[in-house]
1. Based on the mean of other beta carbon atoms within 10 Å per residue, what is the order of 190-200, 103-113, most packed first?
2. Cα gyration tensor of segment 101-142, axes a ≥ b ≥ c as square roots of the eigenvalues: rounded (a/c below 1.5), prolate (a/b > b/c) or oblate?
3. Taking the Cα centre as origin and putting +1 on Lys and Arg beta-carbons and -1 on Asp and Glu beta-carbons, what dipole magnitude results for segment 418-508, to the nearest 20 debye?
4. Output the relative contact order of segment 421-528, whole-number percent, from Cα pairs under 8 angstrom with separation of 6+ residues.
5. Cα centroid distance between segment 428-485 and segment 492-509, in Å?
6. Give the separation of the Cα centroids, segment 243-266 to segment 47-73, in Å.
7. Convert each backbone phi in segment 454-470 into a coupling constant with the Karplus relation 6.51 cos²θ - 1.76 cosθ + 1.60 (shift: θ = phi - 60°), then list the ³J(HN,Hα) values in order as whole Hz, x for Gly and Pro.
8. Kindly write out, for segment 431-439 in residue order, the coupling ³J(HN,Hα) from the Karplus curve 6.51 cos²θ - 1.76 cosθ + 1.60 (θ = phi - 60°), rounded to whole Hz, with x marking Gly and Pro.
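Values in this text are rule-based calculations from the coordinates and carry no lab data. As the structure is a prediction and not an experimental result, all values here were calculated from the model. Positions of Cβ are generated from backbone atoms using ideal geometry, with glycine treated the same way; all protein chains shown enter the neighbour counts.
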Amino acid sequence: MAAPEETLRRRKAGNSGPEPETPPESGRDPTGCPARLRTGTFWLTRIVLLRALAFIYFVAFLVALHQNKQLIGDRGLLPCRAYLESVRRYFQGRGGWDAVSYAPTVLWLLDWSHMNANLDALALLGLGVSSFVLVTGCANMVLMATLWVLYMSLVNVGQIWYSFGKWKSESDAVGVWHVCGGLIKIRGDRCWRDLTCMDFHYETQPVPNPMAYLLHQSPWWAHRFETLSNHFLELVVPFFIFLGRRLCILHGALQILFQVVLVISGNLSFLNWLTMVPSIACFDDAALGFLFPSGPGGLKDRVRKMQEEAARGARLTLRYGCVVRQAVHVALGILVAWLSVPVVLNLLSPTQVMNTSFNSLRIVNTYGAFGSITKERTEVILQGTASPNASAPDAVWEDYGFKCKPGDPGRRPCLISPYHYRLDWLMWFAAFQTYEHNEWIIHLAGKLLANDREALSLLAFNPFKDRAPPRWVRGEHYRYKFSRLGGRHAAAGRWWVRKRIGPYFPPLSLRDLEGYFQSRDWPLPELE
């Protein structure tokens, strides 16, 4: 279809008939069809990108509001007040700035005697700001900086509960880092080179969902194709960014599609959702115009008018605020480039470290999501008994059930993405480590011995609900495998087949834990 100005030029050249008495309707060509947006502007793209990022922040702060008190609150599993006090003790005599720069958080400025209220205040403020940006699509540097400061304030005291959020937060923000991520995977685990990683991934990922169960049953050649597709998307497609508008849009579409597939196939928190956000910048207003209504006076119509003014040669005046913003952008670009030097050196090093931050602000990090794939799934199952003798043959041990992680073989895998159960994820890590590496799990056991309401709110099933608390709690180690589709276990309603490996930690009572808790300044749980 010819552009409107081209149509007018032909009419004048051919002198074909009188001019129409009234001009065409604003925003429409002479045939009455809505005018298409021109390529090369990003006003609507900015709105979509801001709303997408605000949605991720909203989910992240919602998770923080629901779980931070139990994890890092006054009586949490790893209290952040104790962490900040340990940081302050470590830097004693070297000034307060050393401690603040090591763990930058606004909590340094607040009253620590009400840490639960502080954590809730940060989460609620983050929810409010992110909701505003999500609904309006409007933001400025102040609002976005506020969201970043609030969330970093939680991350920097979140300890192990927030230690894996850097997997994809910044390292995938630019297309070239997809290449680095793919190279790290290939370098990190042989299964990425022999194309067998997807034989194990669906079963051994942190929190599988029902689709993961079905995809795991795929034939071997399908898993090889999946691995090859992963390499293509991470090693080849990112270079499309530099090959013109159409291939740049194709890059964005493929990367978003790739992340959608990952979202469908597993509960990987909001990490994959966050990775989609930078890909939105590959689309211009013409590509995203279909997301906005075409009515007069709407955003799409206003962008079209600005495009027409620019096409007629009208130039927007460069205001003082625009100059300041551009200067800030340049400064941030230089800062990121400077901070990326140790990251690149680490990437090139034969002893590279994955999932690591090189500065306390966590602006750039090393990538490492699934750089290595575990070949078998193990789970820690927490059990309690009311028997006075934990060693008695007739002692009845009852399982605690978590919100999402595998436990009861007959329970259907959950579907929660982009929401995130942090305790469930850490139980996955704990299963292929020992309890000495995860002292918080002993803290959790002590809270279960007291029927602690706050800790139990992180679990889905308490076998001692409305009963006296257990006298003993233990951790058992199991190996889990998906049941075979159509097999006898699946026919019996079991999604998982499990086999006991042995004890993870021995039976514990509250009396056993008194000295252990005192040595770590943990308050001994009180019986509910």
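1. My ranking of the peptides, most packed first, is 190-200, 103-113.
2. Values: a/c = 4.19, a/b = 1.83, b/c = 2.29.
Because a/c hits 1.5 or more and a/b fails to exceed b/c, segment 101-142 counts as oblate.
3. So the magnitude is around 620 debye.
4. Numbers: 118 pairs, mean separation 32.2, N = 108.
Computed value for segment 421-528: 30 percent relative contact order.
5. Value for the Cα centre distance between the two parts: 11 Å.
6. Between the Cα centres of segment 243-266 and segment 47-73 lies a distance of 24 Å.
7. 4, 5, 5, 5, 7, 9, 8, 9, 10, x, 10, 5, 6, 9, 5, x, x
8. Working through the residues one at a time gives 5, 10, 10, 10, 5, 5, 7, 9, 4 Hz.
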